[in-house]
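Take a look at the structure set out below.
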Amino acid sequence: MVAQASELHGHELHAEGHGGGPKRSVWLRGSWVRAIWLSTVMGLGAALLVMVLRRWAGFSPAYDEGVVDTFMLAFAGLGFTIGIGCWDYWWGYIIGSATPAHEDHSNHGAYSWRDYFKVNTDHKVIGVQYLVTTFIFFIIGGMLAEGVRAELATPGLQYFSPATYNALFSVHAALMIFLFVIPAFAGLGNFVIPIMLGAQDMAFPRLNALSFWMLPVAGMCMVSSFLVGPFDAGWTNYASLSVHGPPGQTFWVMGVQFAGASSIATAVNFLVTIVTMRAPGMSFWRMPLLVWANLATSTLVVLGTPFIAGAQFQVLFDRIMGMHFFDPTHGGNIIVYQHVFWFYSHPAVYIMMLPGFGIISEVLAIHSRKPIFGYKLIAISTVAIGVLGFTVWAHHMFVSGMAPWLRVPMMFTTMAIAVPTGIKIFSWVATLWRGVIHLTTPMLFACGFLFTFVIGGLSGVFLAVIPVDINVTDTYFVVAHIHYVLFGGSVFTIYAGIYHWYPKMTGRMYDESLGKLHFWLTFIFFNATFMPMHWLGMEGMMRRIADYPSKWADMNFFISICAFALGASTLVFLYNMAHSWWKGAPAPANPWRALTLEWQVTSPPPIFNFDEPPQIVGSPYAYGVPGARHAIVTVHVPPAPEEIPVPVALARATPVQREAIMSALKHILVVANQTVAGERLIAAVRSRAATDPIRVTVICPQNDPTDTWVVDQAAVAAATRARLDATLAALRTAGVEATGSVVDRDPYTAVLDVVESDPPAEIIVSTLPRTRSGWMRRDLIERLRDRTQLPVEHVVVDEPSETTTS
Amino acid sequence: MRSVSAFAKVGICTLVAGVIGAVLAAWWLPDWLPPAAGVEAHRQDTLYLWLLAVSSIIFCLVAGFLGYSMWKFRARPGDMSDGAPIHGHTGLEIIWTIIPIIIVLSFAVAATIVLNRNESLQRGHMVVNVTGRQFDWAFTYPKRGHLHTSILALPLGRQVEFRLHAPPTDVIHSFKIPALRVGEDVVPGTPTTVVATPTRLGTYIIVCAELCGIGHSQMRNILVVMKPADWNRWIAKQKQLAKAPPPSQSGGTTDAAATFKSAGCSGCHTFKPAGATGTVGPDLDDLTASAAKYGKGETPAQYVRESIVDPGKVVVSGYQNGIMPSTFGTSLTSAQITALVSYLLKGGG
């Protein structure tokens, strides 16, 4: 997990501090120590200031729990992020302190385990920080759920008072949604997407760090609500129950604000990165589907999250400022809360689902060695779900007493959104057809997801039908539905993603048998826990009740036992993750033989991911075609000093030795005409030489059947010869045995000639970009692949034309 | 060609499995729902049937192809090859876009028709006012002289329009009767309505379906569906018990037992003589002992009276302040409170 440092680019490797000089005291520099004292001081200071102001303004009593809590939490939270160091650079910028001559990247990259506990601008470190933090809250939220199931195991109230019970499921859902599912996807995306795009980091690395550090603040707010009387109006927090609720309500509101801010900042980061930082050649239609998914999700986050922030602020203001947003005795309207809340919270479920869809597309294609079925339709349906997601919110409000005419249109839009979702499920299943399926743990979770998500989706269709919804809304049928789509849906995809990218993130392989055990335990006990809830709901068991009629005792007892087993299965996962990180087998760069960019770099990746921007030359799902590449990654590896360059060795060799050397070299055929002197091509060949000993034959086919505009063939041939010679010289200097000739044939026939006389192991074809290349227009690469059945690599050289032909 | 027929074979097998599943679901459905006790419920159950049938088919198709693929195309050990480079199939994609559109549109249209039928008010329907408050239901029959009752009784076969209210300072509740398959939120400040036509005699549960606080699980009541003649008799008897049309919520009678029920005490308290089993508030079965412990310097009667009109003054340990309404001092008459006090002290001993 300690990454290889890149030797080039002049990056200086400092563990701490800026460009030398004595380190400041731990109390004054960005650190946990400073975070703790600063947040305490700012929190208490804000509380005190508020009380002084209240006394001065004549409010009595000066201490009002809601008001004081609000300011204390806001400033303590802010103080924590200041203290830990998120704002240091910007502060230095604002006050005009001298900046180093160039960025020393002193808080970028994981050089030791300590870096994971500090402010770090490396998206890979932030990704891991997110994942570990969210799983801590997953465990806390899960334990709260076990508390719920313990109480529901038998009728009657055994362990918790009704108030505490209400708090258990409220905090459970709040943590799972805002502190687990949404940020876990942010974390996985954070790690993978910049590398997948060919970028060295996200667009705004410091903002990225701030986004992460707001998350523990949000979690602390919500969990510490138990100290003052936890919020107990459900995570949905309907007015006016929430307005009259215990002091923990304030903690929930402030927690949501921090989590929302974190989420929005991350989404902005994703959007800018995806739109502006894709590698050359990566058009939107060559983006992996995980990137599409995060593009749509980030749009939803940016547009929707302010609404839940607003709704919770309204509740807060009703509580602490005596406002009457939701007070019908003073002109307020209770149902408005639900409209504002659900306007975010419905897109929120797509925020919790779409990144998972992206993960599944990746995992299914790679582990079944097949292109994703219907790539364009999946990409379009992802965007469609994002857009339609804003038109269906009132399906959560069919019985709310809202304007009755709104129900039927909302039902139609809800039904509409089922269609793109169904298209995706069918496409994923079709991806498996005629694949070569490796049932690794991520693949098992992906297939398990397909099974459970189709059930969750179908129960959603039930709920969309208004008369049926009128019966089962607010019953255990809804609880079953939400857990099928959020656990069987989102959580299964999170597990799939973590297992799939575990080797890349940690540089270790996880234990496959433990992974499979984890999958089967989770799958079996998940279905056993939540399937019966469909029947409970249809029979009339309401949700959010602490006690129920004894006729449902047996079913509830069974569900509770299965729920405990489901919780226990998480322990297998946690053990596997921890133990494998410590002692697992070292992971190769590409254990899954995948095509996307993150698998073309080491495991774990170099600190700055790439030495130079990779070039994208094909689809990310081009499985099944020999030699098809998605991208060419060029690594700047200087030649090892002890190696004798091949041409020198050959010159000194006896004929027998020469025979031996030549037969040990892989023969690479390079085909280029106008681009033969391109630096890209030379670098690509050198890269090839770095991984295998090769000898290179370069041919420059001159005669293209449609090159009717060539006037002076001799001059053109001479110019090509000159370029070829320069290229051969460059290759030889780099230690690659290279010969070449200008050939007066068309490229297709020229290649076939060489394939007959001196068969190469691989072919590299270098062309101009697609829009300027005659060879690309004539589909040369695909034809060569079909005919020769050899791996054909395609290098794009974007150089201004130097010939007289254009 | 071989794989095309494999595709067709799997498709047909899963389709057949889906249809079998649909038939089984239709057969079992009555066991999965409470007996349909109303006209709206029957219409809804038809929708359930169609939903189950279509779901069964789609599920079997997806799970079938999924399971078959996982088995048939799994990699043999050491197989490092790639699968077939199939990027899509336009015909298939068109089919599985068009057919779901047809299916969901059909459901939406059918649902709209059922909804309109369920909610269209017919001539001669009756009106019942329902008040939901923490944590009890109360019912008023406006056309029967605003008769106020603590349980809901309805005549067989007559459409009822429930008009739902909550006190403006209360929270959202949801009035739901699973046997009738109807429900609607009860919102302070916004009157709502829900319509049902009971067609089956019997006793059914009324529940609260929206989290309303610590008494949410206890907020239950009873619906009794009677023959019209029996119902008329029941109404007459209730009228006798209530001496005059009440302006307040409590029924106006000084019959303490009736007041206890109609004021909603049984929603939160346990009191054996009234058959109440609520656990939101303290047990009232031994008020004398409670008065001795908490009512310093007061007679038990004074203590109990104070507990009714000013519940926040002394809170029994283990219970929260602010849950019990503090409005009984005005919503009940002094005579009612006096009757309640002696009823409570006598009952528990």
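The values are calculated or read from the model by the stated rules, or taken from the named source; none is laboratory data. All figures in this text were calculated on a predicted structure; none of them were measured in a lab. Virtual Cβ from ideal backbone geometry, glycine too; neighbours counted across all protein chains shown.
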Here is a list: A:Gly422, A:Gly435. Which entry is part of a loop (DSSP other than H, G, I, E, B), at the interface with another protein chain (Cβ under 9 Å from one of its Cβ atoms), crowded, with 23+ Cβ neighbours inside 10 Å and in contact (Cβ under 8 Å) with a residue 12 or more places away in the chain? A:Gly435
May I ask you to verify whether A:Gly401 is at the interface with chain B (Cβ under 9 Å from one of its Cβ atoms), at pLDDT below 95 and either assigned to a helix (DSSP H, G or I) or in contact with a Pro (Cβ under 9 Å, 6 or more places away or on another chain) (or both)? yes
Take the residues in segment B:33-49 that are assigned to a helix (DSSP H, G or I) and facing chain A (nearest Cβ under 9 Å), then tell me which one is nearest to B:Thr203 (Cα to Cα). B:Ala41
Which numbered condition A:Glu802 fails, given (1) at pLDDT below 85; (2) assigned to a strand (DSSP E or B): (2)
If you take the residues in segment B:167-176 that are in contact with a strand residue (DSSP E or B) (Cβ under 6 Å, 6 or more places away or on another chain) and facing another protein chain (nearest Cβ under 9 Å), which one is nearest to B:Met226 (Cα to Cα)? B:Lys176
Residue, farthest from A:Arg149 (Cα to Cα), within segment A:544-579, restricted to residues that are β-branched (Val, Ile, Thr) and free of Cβ contacts under 8 Å to residues at least 60 places away in the same chain: A:Val572
Being buried (at least 24 other Cβ atoms within 10 Å of the Cβ) and either within 14 Å of another protein chain (Cβ to nearest Cβ) or among the aromatic types (Phe, Trp, Tyr) (or both) is the filter here; which residues of segment A:184-237 pass it? A:Phe185, A:Phe191, A:Phe212, A:Trp213, A:Pro230, A:Phe231, A:Asp232, A:Ala233, A:Asn237
Within segment A:127-171, residues being more than 23 Å from A:Phe487 (Cβ to Cβ) and among the hydroxyl-bearing types (Ser, Thr, Tyr) number 4
Being more than 9 Å from chain B (Cβ to nearest Cβ) and part of a helix (DSSP H, G or I) is the filter; apply it to segment A:149-163 and report the residue that is nearest to B:Tyr319 (Cα to Cα). A:Glu151
Checked segment A:563-621 for anything assigned to a loop (DSSP other than H, G, I, E, B), hydroxyl-bearing (Ser, Thr, Tyr) and out of contact with any strand residue (DSSP E or B) (no Cβ under 9 Å at 6 or more places or on another chain); matches are A:Thr602, A:Ser619, A:Tyr621
Against the conditions (1) of a type in the set (Ser, Thr, Tyr); (2) within 30 Å of A:Glu598 (Cα to Cα); (3) more than 19 Å from the chain's Cα centre (by Cα), where does A:Thr299 fall short? Just the number, please. (3)
Test A:Lys551 against the criterion of being within 14 Å of chain B (Cβ to nearest Cβ) and closer than 15 Å to A:Thr440 by Cβ, and give yes or no. no
Quick check on my filter: what residues within segment A:105-137 are assigned to a loop (DSSP other than H, G, I, E, B), of a type in the set (A, V, I, L, M) and surrounded by fewer than 22 Cβ atoms within 10 Å (Cβ to Cβ)? A:Ala110
Being under 19 Å from B:Cys268 (Cα atoms) and modelled with pLDDT of 75 or more is the filter here; which residues of segment B:337-349 pass it? B:Ile337, B:Leu340, B:Val341, B:Tyr343, B:Leu344, B:Leu345
Kindly indicate whether B:Pro282 is over 18 Å from B:Ala339 (Cα atoms) and modelled with pLDDT under 80. no
Residues within segment A:21-79 that are closer than 29 Å to A:Ala209 by Cβ, assigned to a helix (DSSP H, G or I) and among the basic types (Lys, Arg), tallied: 1
Pair list, Cβ < 6 Å and 6+ apart or interchain, from segment B:141-152 residues that are touching a residue at least 24 places away in the same chain (Cβ under 8 Å) to residues that are crowded, with 20+ Cβ neighbours inside 10 Å and part of a loop (DSSP other than H, G, I, E, B): B:His148/B:Gly251
Does segment B:148-164 contain any residue that is within 10 Å of chain A (Cβ to nearest Cβ) and surrounded by 19 or more Cβ atoms within 10 Å (Cβ to Cβ)? yes
Based on this model, can you work out whether A:Val387 counts as in a helix (DSSP H, G or I), surrounded by fewer than 24 Cβ atoms within 10 Å (Cβ to Cβ) and more than 12 Å from chain B (Cβ to nearest Cβ)? yes
Looking only at residues that are crowded, with 20+ Cβ neighbours inside 10 Å and more than 7 Å from chain B (Cβ to nearest Cβ) in segment A:404-415, which one is farthest from B:Val195 (Cα to Cα)? A:Thr414
Kindly evaluate A:Ser97 against the criterion of being within 14 Å of another protein chain (Cβ to nearest Cβ) and either hydroxyl-bearing (Ser, Thr, Tyr) or loosely packed, with under 15 Cβ neighbours inside 10 Å (or both). no
Which one of these does B:Val104 not meet: (1) within 14 Å of chain A (Cβ to nearest Cβ); (2) touching a strand residue (DSSP E or B) at 6+ places or on another chain (Cβ under 9 Å)? (2)
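Every residue, every condition in (1) more than 14 Å from chain B (Cβ to nearest Cβ); (2) within 23 Å of A:Lys370 (Cα to Cα), yes or no:
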site	(1), (2)
A:Leu595	no, yes
A:Glu598	yes, yes
A:Thr602	yes, no
A:Pro606	yes, no
A:Asp611	yes, no
A:Ser619	no, yes
A:Val625	no, yes
A:Ala631	yes, yes
